[in-house]
Structure formats: C-alpha cells, structure tokens
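First the structure, in the form of structure tokens, and then the observations on it.
The values are calculated or read from the model by the stated rules, or taken from the named source; none is laboratory data. Predicted model only: the values in this text are computed from it and were never measured. Quick reminder, even Gly has a Cβ in these numbers, built from the backbone with ideal geometry, and neighbours come from all protein chains shown.
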Amino acid sequence: MSDVRPAGRLPEEWTAALAALGEPKYRATQIFRWIHRRGELDPAKMTDLPLGLRERLAADGLASPFEVVDVHRAKDGTRKLVLGMQGGGRIECVLIPMTPLSGDADLAAASDDEDEMGLGAPSERTRVTLCVSTQFGCAMGCVFCASGRAGLGRGLGADEIVSQVIIARRFLDENEDLTNLVFMGMGEPLHHYDETARALRLLTHPEGTGMSPRRITVSTVGLVPGLKKLGADFGGKVGLAVSLHAPDDATRDRIVPMNKRYPLNELIAALKSYPLPRRRRITIEYTLIDGVNDTDAHADRLVRVLGGLPVKVNLIPMNPVEGSGFSASPPERVDAFQARVAGYGYSCFVRARRGDEVSAACGQLALAPGLIELGRNRAPIA
C-alpha cells in the first residue's frame, strides 16, 4: 500500500494508501488510533475493521517488529527490555521510574517551568521515563559507551522506534504512567535524522500517542547538521540534550571521536542558535572519567565554554563498560566537580546510578553477545 512500513505511517499516508483500495477516509484514523493510541500491532484484533481490510493490513506487513526476548528488572524498579529484531539482532530500551531522589536534569525530560526532576504535583502514581534506542549499535565510537564500542549494525525505522514505546507500555506496573521519553538508548538519534523526525511526529500526533514534545528529549553527541534540522523542524519544542563530556577539543577528540568532524566551536555555535522556547534549557551531559576530564581545571573550562548558553549540567559518573580501559571518577572528585560548576551559578546535578546491575545504566546498552563483530562498521556521517 505504501513504501513506508505500516506502523511508521502518518494519518495522511494511511488516507492515501487506503484510498487506493477504495476504503473510506475515516478508516485511516481508525487504523492510526489502533496502532498509536491503543498500542495494537495485530490487525486481527482491530475488531471494528472489516475482515477483508484486516487481512490486507496483515499482508501489508502490519505486525510488531520485535519479539520480547527478556526483561531484566533491577532492585530500583528499572526494567531493561531486550527486543529481538526481525532478521536477527537485538536492541534494548529501558523503563525508569522517577523518584524524588533520582536527581537527573535530563532523565525526566521535563520543561523548566516545573521542578528540575519533572515530578510536578505530588501523586500516588509513579511517573516513568522510557529510554528508547534509535539504532542497532552506534557509529559514534565514544570510548565510555558499550554501544559505541560495538559499532553500528543499522539504523532503526520510525516504526521500530515507536514500537518500543508501544511494547514498553505493556510492562508498566499498575501504579505507573509513562510520561516521558528520552532518545538516549542505543545509537545516535541524529545520525539518521529522517527516521528520528518521523518517530517524533508519530509520537506527538494528537490522533495517536499525543505526547507533548516538552516531554521528549533527543540526545546527540553533536552532529551539527542534524541539530540544526531538529531545531528548524520542531521549533525547539523537543527537548535537547548534548553529550559534551569534555570542555576542550584535545580531550574531546580522545573520548568522543565525532568531535574531529564537528569541533566544539561549531557545536557551541549551533547550540547558541537553537530556537529554545522561553524558560527552556539545553541539558549538557558530562560523563566523568577518572583522570581524563574531571579536574577543577576541566570544570573551569567547561563553564567558560558554556558561557551565555541556557543550560543545565548533568554529571554522569562513568558506568562500568567491559574493555574500555576507563573508570568512573571517585565520589570525592564528582562532588568537587559538581560544586565547582554550581559555584558559577549553573544548575548542576549528578545522575543517580539506575539499573546498572542489569546493565541498563547510561552507556551500558550494547549489542547482544556474538554480534559484537558488527561493530567494526563505521558508517559515514553527514
């Protein structure tokens, strides 16, 4: 019916595809709502559609792109979903319950007119953030990230990105609501911008999931062309987190190879032109690595680099990544770095370690064992 896979179609694309079959226009809205509002990917269960149309949808390929292979639950309630892809390979997404002690600037992806943790008014229900993957592996090669060390298998389609949200909702506890999304799982969201943008349009469409763009944060290592497109296409309404990790090119070249393509001066210039709405800020992610980027001098340089930008800083003590050769800064160094940055007047938080005992913490999502050799692929970056 269409070149776009069924779960990745927007309502107008469903209208065009169904018109070719002689179906009435309202069927497009029905199908879109079944998929994105009700979370149903099996046409046989779309009971208000004619049997013949349901059979056509199944023949057209409308089905879940993933099989749930495993669910790992940490003591803090974090759940890592391991999803098997059609044709082989696995990706991971993570459900993270928000608590008053979570203390993360970017995890809740909340707008800045609420409190920093996005918790809003007290409630008996628990708000949950879902960390979604946009690629099978990653081509960025950041030395402290398991996905980056593994390398890129392939990019995920918008239908696969959105399907993670649909599937993850089934694993919420009874008292939980999925309120926030962060594009911070496996992969670089702006490496294949078109699919990321389509996923954002699907997730925010009022006939479907209807998520507020203020509740979605896209994280990037600093792909400047994609960053500019994101700002232009969504008017700055989608939250932005930038994986900076170093305050100078020499250090960043060492741990974030993409800096050689888009050095700090280009990245900072792009951030200064990003169209932020009033009272919104960019989240700066900074992984603290022992002896690499964690001195007082690094903190001072970071503040100078960020001068004039509306930002909040999220410090991430490096999570264990096998074979990386790096380790987290000791707690006293983390505290000193935070105090140094906060002393200049910046909102500065230390990310609480969530789900690390099931390898669900920041930087720990990776290709399944036996597929690591796919990681030798380094795709060209636009």
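Which one is nearest to Arg38 (Cα to Cα) among residues in region 139-155 that are outside any helix (DSSP H, G or I) and touching a strand residue (DSSP E or B) at 6+ places or on another chain (Cβ under 6 Å)?
The selected residue is Gly155.
In region 158-198, what residues are assigned to a strand (DSSP E or B) and surrounded by 24 or more Cβ atoms within 10 Å (Cβ to Cβ)?
Asn180, Leu181, Val182, Phe183
Go over the candidates Leu223, Leu230 one by one and state the one that is buried (at least 24 other Cβ atoms within 10 Å of the Cβ), of a type outside the set (Val, Ile, Thr) and closer than 18 Å to Ile284 by Cα.
None of the other options fit; the residue is Leu230.
Which condition from (1) assigned to a loop (DSSP other than H, G, I, E, B); (2) touching a His at 6+ places or on another chain (Cβ under 8 Å) is the one that Phe326 breaks?
It is condition (2) that Phe326 fails.
Considering (1) crowded, with 22+ Cβ neighbours inside 10 Å; (2) out of contact with any strand residue (DSSP E or B) (no Cβ under 8 Å at 6 or more places or on another chain); (3) more than 22 Å from Gly141 (Cβ to Cβ), say which one His205 fails and leave the rest.
Looking at each condition in turn, His205 falls short on (1).
Quick check: anything in region 30-45 surrounded by fewer than 21 Cβ atoms within 10 Å (Cβ to Cβ), at pLDDT below 95 and either touching a helix residue (DSSP H, G or I) at 6+ places or on another chain (Cβ under 6 Å) or of a type in the set (Val, Ile, Thr) (or both)?
No, region 30-45 has no match at all.
Suppose we keep only residues that are closer than 17 Å to Arg281 by Cα and of a type in the set (A, V, I, L, M) within region 208-220. Which one would you say is surrounded by the most Cβ atoms within 10 Å (Cβ to Cβ)?
The extreme case among them is Val218.
Of all the residues that make up region 309-323, how many are farther than 15 Å from Ala339 by Cα and at pLDDT 95 or above?
Qualifying residue count for the region: 3.
Which pairs turn up if I take residues in region 67-91 that are on the phi < 0 side of the Ramachandran plot and look for partners that are of a type in the set (Phe, Trp, Tyr) and assigned to a loop (DSSP other than H, G, I, E, B) with beta carbon separation below 9 Å, at least 6 apart in sequence or on another chain?
From region 67-91, the pairs are Val68/Phe171; Val71/Phe171; Arg79/Phe171; Leu81/Phe171.
Is at least one residue of region 99-116 modelled with pLDDT of 95 or more, of a type in the set (A, V, I, L, M) and within 15 Å of the chain's Cα centre (by Cα)?
No, the conditions are met nowhere in region 99-116.
Taking region 46-62, which residues are buried (at least 18 other Cβ atoms within 10 Å of the Cβ) and under 31 Å from the mean Cα position of the chain (by Cα)?
Answer for region 46-62, where residues must be buried (at least 18 other Cβ atoms within 10 Å of the Cβ) and under 31 Å from the mean Cα position of the chain (by Cα): Met46, Leu57, Leu62.
Just one of (1) at pLDDT 95 or above; (2) small (Gly, Ala, Ser); (3) touching an Asp or Glu at 6+ places or on another chain (Cβ under 8 Å) trips up Gly185, so point out which.
For Gly185, the exception is condition (1).
In region 313-346, which residues are under 20 Å from Asp300 (Cα atoms), of a type outside the set (A, V, I, L, M) and either surrounded by 13 or more Cβ atoms within 10 Å (Cβ to Cβ) or touching a Phe, Trp or Tyr at 6+ places or on another chain (Cβ under 8 Å) (or both)?
Hits for region 313-346 are Asn314, Pro317, Ser329, Pro330, Arg333, Asp335, Phe337, Gln338, Arg340, Tyr344, Tyr346.
So Ala297 clears everything in (1) farther than 22 Å from Gly345 by Cα; (2) surrounded by fewer than 18 Cβ atoms within 10 Å (Cβ to Cβ); (3) without any contact (Cβ under 8 Å) to a residue 24 or more places away in the chain except one condition, right? Which one?
Going through the list (1) farther than 22 Å from Gly345 by Cα; (2) surrounded by fewer than 18 Cβ atoms within 10 Å (Cβ to Cβ); (3) without any contact (Cβ under 8 Å) to a residue 24 or more places away in the chain, Ala297 breaks only (1).
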